[in-house]
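> Before I ask anything, let me first share the structure, which is written out below as structure tokens.
The values are calculated or read from the model by the stated rules, or taken from the named source; none is laboratory data. Bear in mind that the values here come from a model prediction, so they are computed numbers and not experimental data. Counting neighbours? That spans all protein chains shown, and the Cβs are built from the backbone with ideal geometry, glycine included.
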């Protein structure tokens, strides 16, 4: 019986088997193809000037998508993303003028976001409320807070924040550098550390994780807290970028953020996921929008194409399984 | 099957025919029953359909001895009627008792069919294993080390006053008829239950059994009995599963080393003879026996002083079973103390050095040496359980009531009433017919789309595209149903609106069912797609909708809009269907447990199609109701209704997990949301308060429902 142990391991014909890219590999191919197509049909969109206009937005979307990815890995979905982004902008603006120190203001904003996010986590993990309901409610509460803080009008942001958002290093926008840093550190933590291992296990099967001696609650709460920090950071950058903090700043990032996660290939079934793939997908979605726009189509067509991309992206990963079942 | 209205009495009769003391009422929710009772319901259900061929797959796994006898009696009745029975089981003696002929399968291949009386137990095992198992159980041990675990009067939920000691190298069995506290006892040891009195010492030091983390730190590891729910991470690889319990061993310079994980996993695969293509295979794709061996290897890798094993061989084939016994004995001989809980007395008798038997939550008997036999254990269990413990753990009245179907409606109704009373005291205009009429119009629109959402949530779905669809319906109308349009054109418009709604519903269904996208992802895509179509058709609001039709839709009887009466009537009709019509029952069944519903003969794909089309048609009606307020083709008009409809359903008591919900509840939820919006306006509070109240009330409502349902299930 022991002889069979590893003998069964040999695949039939490893040499001629067509290697399909893994679930997180597709997005790299698609993004490369998109830029190649852009270079041919609308060369204007891949010039350095237009790239450096596109990348800051892609970078902010990538940070949002990273936050959403880790929540989806815990079988959740964070609808409070929109209000959390707006809150990030408004709080940093308020604190920035009050404290007269950008560092303090940013630290304060991150702390507020982490607190609100952890509250989300407690509602979901402790009170067993469905994630979309808990975060939907939290979104309403936070919008109230934003409304109260801003008195319903866009707030000016401190100059320091504005110049930070527009700065670049050797021609690379700061927002992009920052977002790369964010994605890489999340990726390294989740792929290479004990925290990451446990994070994946808790997402894959919380009950088994508990029986295996993992602090499940801490991971679930921490995930929502970390996601909220991502959203708030994106919100601060966005406020700095457009020069004002407004109540609906986050609304335009909620659906594209979720879309980027889906297109990147993170499944909704929990456990597995890739923030890097989500980040690449954010670049893909942003560039796709710009390409469609450059070809003369309006925002409606852009929306339609995004919808088709989401369907295509998920279908392409499901198809092998469906075909196998049929066969 | 009788009509739905007589279901309760029919079920009661069937259950009484099984036994007059099942303790199951037809109105109980199945999730509140114990595992044994659930099985009885399941078997009674299968017998009730009077099948020509009855297939029973491991039917006795959770049954007590007297229920096994009852099952056999009923199986004989079925065969006496002329029907055929296929009885699948790994319990050889049961098969020998009940079967006329038996077929053995090994590694997916038939090993022949024989008359059941013509084969001895050994011959059957020989066929199953494919070789002679000289001894299924390894020889026992008589020399033990010093005591490592001592329990002093340990008690908790489900068991009390357990005192015992366990020595190194000893295997202790925990037996008894199921649900007599032994499961609670071992789970409490593992840190998964609650300990309320007494204490546990491991290696002489008091051990904290507050959580699995502290239990493991004290040197006690646990192998769960419910492998699927608690043992494996089905989609993760063998490597990740194996390393999950002892991650510190793979930590190199602060990072988790994948090569170290792979090396350790490969070693475990070899040592435990796990059959797998490699270390990166998802564990869910292995057979039960191989999964169990890997999980056991993973638990052992934590290096426990005390190993607690719940049902070591459930769902494991005979060959792997013998290997697991050998592994456990091997571990013990190297100094680990092992506690084994099993519902199979033969297994405990063969494996364990000493056995404790539980009854009604208490340790009633201890057997050692020659006394450890199957008969001895069963006898000890039966002698002391002549009377079953009738006193169930009670749940406080409020929680039980709050978990019911009526509670959300009553609570939300009271909240609406209280808020209304407060506002009308503060502002006299609130209670005028004009204001109430206006509110009712808003309520009916939101309620109609919420019914659609509720219908989908019943089958475990969700539809984010309802908001844009309301806009699309309106936009389509704004091209046909105009002032001065002919009757023909208007009819065409109506048809186009219906086609649009059904088309979106069908598209959603296609994405979710045949293409298997997650409902959230699929309807997010249709949300964007439908909105895009609306914006392409009408980039800016335009097209005044026929005034006569609008005023017809806005007709009022007194101050009550007809639309509201329609919405309320639809709620009642749908609610009636939900509880009194086969389709409603089918919806709820599908939402609660899709697999079980499919086996009960319900067509999941067709039911989901009904749900998606139904949701779209209700959204269409909501879109028509909204027209009266907007009056123009506005592609963005409906967007807010997506989230509002979800909020209305959950405030009304619906669950996103499927299977339970209420259309009247959704109507109340919609009324509550409109009430909050109106109240904040009337009280002169700013927009922030509207958000606070809405968010806060959603959290409060859902927290109460979810807590109460949890409490009822746990009891």
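> Out of (1) out of contact with any strand residue (DSSP E or B) (no Cβ under 8 Å at 6 or more places or on another chain); (2) modelled with pLDDT of 90 or more; (3) more than 14 Å from chain A (Cβ to nearest Cβ), the odd one out for residue B:441 is which?
(1)
> Any residue at all in the range B:511-522 that is more than 10 Å from chain A (Cβ to nearest Cβ) and farther than 27 Å from residue B:441 by Cβ?
Yes - at least one qualifying residue is present in the range B:511-522.
> Hey, another quick one. Across the range B:343-380, what is the total count of residues that are closer than 28 Å to residue B:323 by Cα and in contact with a strand residue (DSSP E or B) (Cβ under 7 Å, 6 or more places away or on another chain)?
Count: 16.
> Run down B:299, B:308, B:316, B:274 and say which single residue is touching a residue at least 24 places away in the same chain (Cβ under 8 Å), under 30 Å from residue A:190 (Cβ atoms) and under 27 Å from the mean Cα position of the chain (by Cα).
B:299
> Quick one: would you say residue B:476 is surrounded by 23 or more Cβ atoms within 10 Å (Cβ to Cβ), more than 14 Å from chain A (Cβ to nearest Cβ) and part of a helix (DSSP H, G or I)?
Judged against the criteria, residue B:476 is a match.
> When you check residue B:508 against the structure, is it more than 8 Å from chain A (Cβ to nearest Cβ) and in contact with a strand residue (DSSP E or B) (Cβ under 8 Å, 6 or more places away or on another chain), yes or no?
So residue B:508 does not fit the description; no.
> How many residues are within 11 Å of chain B (Cβ to nearest Cβ), under 15 Å from the mean Cα position of the chain (by Cα) and assigned to a helix (DSSP H, G or I) when one looks only at the range A:258-301?
Number satisfying all stated conditions: 5.
> Looking at (1) under 25 Å from the mean Cα position of the chain (by Cα); (2) more than 30 Å from residue B:233 (Cα to Cα), which one does residue A:47 not meet, given that it meets all the others?
So the condition that residue A:47 fails would be (1).
> So which residues in the range B:479-500 are on the phi < 0 side of the Ramachandran plot and either within 14 Å of another protein chain (Cβ to nearest Cβ) or not in a helix (DSSP H, G or I) (or both)?
B:481, B:482, B:483, B:485, B:486
> Could you look through the range B:644-669, keep only residues that are at the interface with chain A (Cβ under 9 Å from one of its Cβ atoms) and touching a residue at least 60 places away in the same chain (Cβ under 8 Å), and pick out the one that is surrounded by the fewest Cβ atoms within 10 Å (Cβ to Cβ)?
B:657
> Select from the range B:193-236 the residues that are surrounded by 22 or more Cβ atoms within 10 Å (Cβ to Cβ), under 29 Å from the mean Cα position of the chain (by Cα) and part of a loop (DSSP other than H, G, I, E, B) and list them in ascending order.
B:209, B:224, B:232, B:233, B:236, listed by residue number.
> Against the conditions (1) in contact with a helix residue (DSSP H, G or I) (Cβ under 6 Å, 6 or more places away or on another chain); (2) surrounded by fewer than 22 Cβ atoms within 10 Å (Cβ to Cβ); (3) under 20 Å from residue A:205 (Cβ atoms); (4) in contact (Cβ under 8 Å) with a residue 40 or more places away in the chain, where does residue B:239 fall short? Just the number, please.
All conditions pass for residue B:239, except number (2).
> Next question, about the same structure. Considering the range B:400-426 alone, what residues qualify as being surrounded by fewer than 18 Cβ atoms within 10 Å (Cβ to Cβ), at pLDDT below 75 and in a helix (DSSP H, G or I)?
Listed by number, the residues that qualify are B:400, B:401.
> From the list A:127, A:180, A:119, exactly one residue is under 26 Å from residue A:70 (Cβ atoms) and within 9 Å of chain B (Cβ to nearest Cβ). Which is it?
Step by step, each of A:127, A:180, A:119 is checked, and only A:127 is under 26 Å from residue A:70 (Cβ atoms) and within 9 Å of chain B (Cβ to nearest Cβ).
> Taking residue B:534 as the residue in question, decide whether it is in the same structural domain as residue B:479 (by TED's automatic domain parsing), more than 18 Å from residue B:449 (Cα to Cα) and surrounded by fewer than 22 Cβ atoms within 10 Å (Cβ to Cβ).
no
> Separate question: So is residue B:503 closer than 24 Å to residue B:660 by Cβ, away from chain A (no Cβ under 14 Å) and at pLDDT 90 or above or not?
no
> Okay, moving on. Might you check whether a residue that is touching a helix residue (DSSP H, G or I) at 6+ places or on another chain (Cβ under 9 Å), closer than 24 Å to residue A:124 by Cα and either at pLDDT below 90 or within 9 Å of another protein chain (Cβ to nearest Cβ) (or both) occurs anywhere in the range A:215-232?
Yes, that holds for at least one residue.
> Counting only residues that are in the same structural domain as residue B:160 (by TED's automatic domain parsing), modelled with pLDDT under 85 and surrounded by fewer than 17 Cβ atoms within 10 Å (Cβ to Cβ), give me the helices (runs of 4 or more DSSP H) lying completely in the range B:296-393 with at least 1 of them.
Fully inside the range B:296-393 and qualifying: B:374-384.
> Quick one: is residue B:449 under 33 Å from the mean Cα position of the chain (by Cα) and closer than 27 Å to residue B:558 by Cα?
Spelling it out, residue B:449 is indeed under 33 Å from the mean Cα position of the chain (by Cα) and closer than 27 Å to residue B:558 by Cα.
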